[in-house]
Amino acid sequence: KGSGGLTGAAIKPLVLKMVLDIAENVNIPVIGVGGISKWKDAIEYFMAGARCVGLATAVHVKGPSIIPQILDGIKKFLVEKGYSSLDEIIGLTSRKIKEREIKGKQLITTPKVPAIDAVKCNACGLCQRACIYGAISVEDIARVDPSKCFGCGLCVTICPTKAISLDYYED
């Protein structure tokens, strides 16, 4: 009778939002951890406001050689995008959200329900198994129960046919 945990890609959408919220409200460095398996994941955490990131599952699964691969990817990204340092992208997401708000485009703060593309959905059931809220059922296609969905986006990340989308912004 122990306790279990959930980590890796499954929690990344939730933790990214937490990092964003925390980084905006504290004056101490925030560490992003959860679902970082490639350099793009680390960049997302930095843009959300993390000052550093931690790796666990990726190192266990892919071995320690993943660390220099991620570091090289981060360096290449910064050069390709014209940033002179990592500091320039830390918190960039928050700054972009504020710019959108100034321009009259509001960030949606209530959960949005994922949209299912019936043409792309092959009813594989991965989204249903991954949904920790029990909000997805699958028969001929996946269907989302809005009363149970929290808009975490896990179903979007796991769908092999990219049949699920989730918009966080209103235009």
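None of the figures in this text is laboratory data; all of them are computed from the coordinates on show. As the structure is a computational prediction, the values presented were derived from the model and not from experiment. Methodologically, a virtual Cβ is constructed for each residue, glycine included, from the backbone with ideal geometry; neighbour enumeration extends over all protein chains shown.
If you plug each phi of segment 45-57 into the Karplus form 6.51 cos²θ - 1.76 cosθ + 1.60 with θ = phi - 60°, what whole-Hz ³J(HN,Hα) values come out, in order, with x for Gly and Pro?
The phi angles translate into 5, 4, 5, 6, x, 5, 8, 8, 10, x, 10, 9, 4 Hz.
If each of Leu6 and Lys76 carries a label point 7 Å out from its Cα toward its Cβ, how far apart are those two points in nm?
Result for the modelled spin labels: 3.3 nm.
Can you tell me the FRET efficiency between Arg129 and Val61 if r is taken as the Cβ-Cβ distance and R0 is 25 Å, rounded to the nearest 0.05?
After rounding, the FRET efficiency stands at 0.80.
Give the relative contact order (percent, whole number) for the chain; include only Cα pairs under 8 Å separated by 6+ residues.
Taking the mean separation of contacting Cα pairs over the length of the chain, I get 19 percent.
Based solely on its DSSP helices, what 222 nm [θ] is calculated for the chain when runs of n ≥ 4 H residues each add -39,500 (n - 2.57) and the sum is averaged over all residues, nearest 500 deg cm²/dmol?
One gets -11500 deg cm²/dmol as the mean residue ellipticity at 222 nm.
Expressed as a rounded percentage, what relative contact order does segment 8-102 have, with Cα pairs under 8 Å and six or more residues apart?
29
In percent, how large is the relative contact order of segment 128-168, given Cα pairs closer than 8 Å and 6 or more residues apart?
That works out to 31 percent.
Given the peptides 26-35, 147-156, 117-126, arrange them by the average over their residues of other C-beta atoms within 10 Å, most packed first.
Put in order of decreasing packing, that is 147-156, 26-35, 117-126.
Lys12: net charge of surrounding residues, Cβ under 13 Å, Lys/Arg +1, Asp/Glu -1, itself excluded?
+1
Okay, which of segment 22-43 sit inside 11 Å, backbone N to the point 7 Å along the Cα-Cβ direction of Cys52?
In segment 22-43, the label zone of Cys52 (backbone N under 11 Å from the point 7 Å along Cα→Cβ) covers 29-32.
Given +1 on the Cβ of Lys and Arg, -1 on the Cβ of Asp and Glu, and no further charges, what dipole in debye does the chain carry about its Cα centre, rounded to the nearest 20?
260
Report the dimensions of the chain along its three principal axes from the alpha-carbon atoms, largest first, rounded to Å.
Principal extents (largest minus smallest coordinate, Cα): 50, 45, 37 Å.
Taking amide H atoms as placed 1.01 Å from N in the peptide plane, list the residues 5 or more away in sequence, or in a different chain, whose amide H sits under 5 Å from that of Ala142.
Ala123
Counting every Cα pair in segment 7-105, what percent are over 16 Å apart?
Here the long-distance tail beyond 16 Å is 56 percent of all Cα pairs in segment 7-105.
By how many degrees, between 0 and 90 and to the nearest 10, does the Cα long axis of helix 92-102 differ from the longest principal axis of the chain?
70
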